[in-house]
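For reference, the structure discussed in these notes is given below.
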Amino acid sequence: MGLERANGSHWFYSYLPQGIAGGATSALIPLFAYGLGGSLSDVGIIAAATSIASVPSFMLWGSLSDRVGRRKVFLLIGFAGNALCFLLMAASRTLPEFYLTNLLIGCLGAASGPVGTVLIMETTPRTEWPARLAFVSRIGAAGWVGGLGLGVAWLALGPTVVGGGLGLMRALFAIGAGFGGVSVVLAFLWTREPTRRVSRRDVQGTYIRPRVERGRYLPTHVLHYFDVRTPRAPAGRLPRSLRTYLLCVFLLFGGFTAFYSFFPIFLTQVYGISSPGIFAVYIGSQAMSIAAYPYVGRWIASRKSASPQVYAALGRSLLFGSFFLVSLVSIPAAGVFALAFVLHAGVGLCWAVLNVAGSTWVSHLAPAKGRAQAFGAYNAVQGFGSILGPLLGGFSAQWLGYGPAFAVSVGLILVGCAILVTLPAEGPAEADEKGK
């Protein structure tokens, strides 16, 4: 992955240290909250905090960027906001302070999301958009896996430097902030304000990109956002089949994030896996999803139904439930870790299918002149599901136990699948006709 592949757009590489910072701190956030004395419900609230702040912030930053006609400054705000918040997380002494920093990162970090994608499009020829977007996403994804590897190494070797406990985690947040600061510097030096403008609503194509699963709603690249201030004529209403699909997405993401709200703590309490081991388990999922993207893309392209998403979502529900079943069997520690790694790799494979198929299916169900609105709604619904899920998962685990918490996660996914199988396979014209 040499600089020449960026064809002069060196600022793309500012996403690499940003990805490292995210990967190094993603699984750390629930572990640190628990280390501060938080209960499982507290961890769920903190997991939802980023999503609560980021959903409206995406709309705000995206709209503001379009109105003022500037891109670079919002990219810098997003990168700098992440770096600042990681420092504040390292300095947090109480749960309320940590909760506020997660709200803040949802607000500030969202600035780069709806800007970065448009900035790539405005600085490259249209024919190169798919390749450039995929390239930048691979950079971010590689950084994310590298950050998880950094987390494994630091949490395993760091005690010889700073000691154990929360001090070790605080230092890792500070390291993440340092990488975030590098992204700010690179973006400032290498990014130029584009001389031409691309309207989000004029971009109707579907651009599939490798995307890591974060367990909270703060995607790196968002092209369309759902602007609630935009008036919609009756003719512009989303087809019924698409509205039904968005309900499925809400339930599925609710189930996914419900699971991740308590998953790291479950691995610690029930499986007895150390913090470095938890990061290693996360590597299995991310590496598998990245490796699978080229293959699942071809498989999904050969099908014209929602079956790939159904299979992947059902696979996730089975894998999530398997984590709980493994806890009921007496297995040596090494075997438990191996099973957790393999199961989570399967979860990552399912994510690759869901990510590619989801964007493809939105494009398939949306009317030709309403794809921008459809993708904006799709992004927003994922965020709303990522608010509901951690709250349900965290409170269920706290008050009812891990068994019911797994049941809540799996239940949401199964209900989403049940609705998903009822969707027709036809395109927007037929869906519009049936929706009348």
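Inspect all residues belonging to segment 30-40 and state whether any of them is touching a residue at least 12 places away in the same chain (Cβ under 8 Å), under 17 Å from Ala171 (Cα atoms) and within 17 Å of the chain's Cα centre (by Cα).
So far as segment 30-40 goes, yes, one or more of its residues are touching a residue at least 12 places away in the same chain (Cβ under 8 Å), under 17 Å from Ala171 (Cα atoms) and within 17 Å of the chain's Cα centre (by Cα).
Go through (1) crowded, with 18+ Cβ neighbours inside 10 Å; (2) within 24 Å of Ala291 (Cβ to Cβ); (3) in contact with a helix residue (DSSP H, G or I) (Cβ under 6 Å, 6 or more places away or on another chain) one by one and return the number of the condition Ser322 breaks.
Result: Ser322 passes all but (1).
Criterion first (over 24 Å from the mean Cα position of the chain (by Cα) and buried (at least 20 other Cβ atoms within 10 Å of the Cβ)) does Gly370 satisfy it?
Considered against the rule, which asks whether it is over 24 Å from the mean Cα position of the chain (by Cα) and buried (at least 20 other Cβ atoms within 10 Å of the Cβ), Gly370 comes out as yes.
Regarding Tyr13, is this residue farther than 30 Å from Phe250 by Cβ and assigned to a helix (DSSP H, G or I)?
So Tyr13 passes the test.
So which of Ala334, Ala312, Ala340 is under 20 Å from the mean Cα position of the chain (by Cα) and modelled with pLDDT of 90 or more?
Ala312
Look through Leu247, Leu318, Leu242 and report the one residue that is outside the structural domain of Ala49 (by TED's automatic domain parsing), under 19 Å from the mean Cα position of the chain (by Cα) and of a type outside the set (Phe, Trp, Tyr).
When all the criteria are applied, what remains is Leu247.
Would you mind stating whether Gly38 is at pLDDT below 90, farther than 19 Å from Gly147 by Cα and not in a helix (DSSP H, G or I)?
no
Quick check: anything in segment 365-379 touching a residue at least 60 places away in the same chain (Cβ under 8 Å), within 17 Å of Pro30 (Cα to Cα) and in a helix (DSSP H, G or I)?
No: segment 365-379 contains no residue that is touching a residue at least 60 places away in the same chain (Cβ under 8 Å), within 17 Å of Pro30 (Cα to Cα) and in a helix (DSSP H, G or I).
Pro264 is checked against (1) modelled with pLDDT under 95; (2) surrounded by 22 or more Cβ atoms within 10 Å (Cβ to Cβ) and fails just one. What number does that condition carry?
Evaluating Pro264 over (1) modelled with pLDDT under 95; (2) surrounded by 22 or more Cβ atoms within 10 Å (Cβ to Cβ) leaves (1) as the failure.
So for segment 384-396 (the condition being over 14 Å from the mean Cα position of the chain (by Cα) and not in a helix (DSSP H, G or I)), does at least one residue qualify?
Within segment 384-396, not a single residue is over 14 Å from the mean Cα position of the chain (by Cα) and not in a helix (DSSP H, G or I).
Quick one: which of Pro404, Pro390 is without any contact (Cβ under 8 Å) to a residue 40 or more places away in the chain and not small (Gly, Ala, Ser)?
Pro404
The values are calculated or read from the model by the stated rules, or taken from the named source; none is laboratory data. None of these values were measured; they are calculated from a predicted model. Note that each Cβ is placed from the backbone with ideal geometry, even for glycine, and that neighbours are counted across all protein chains shown.
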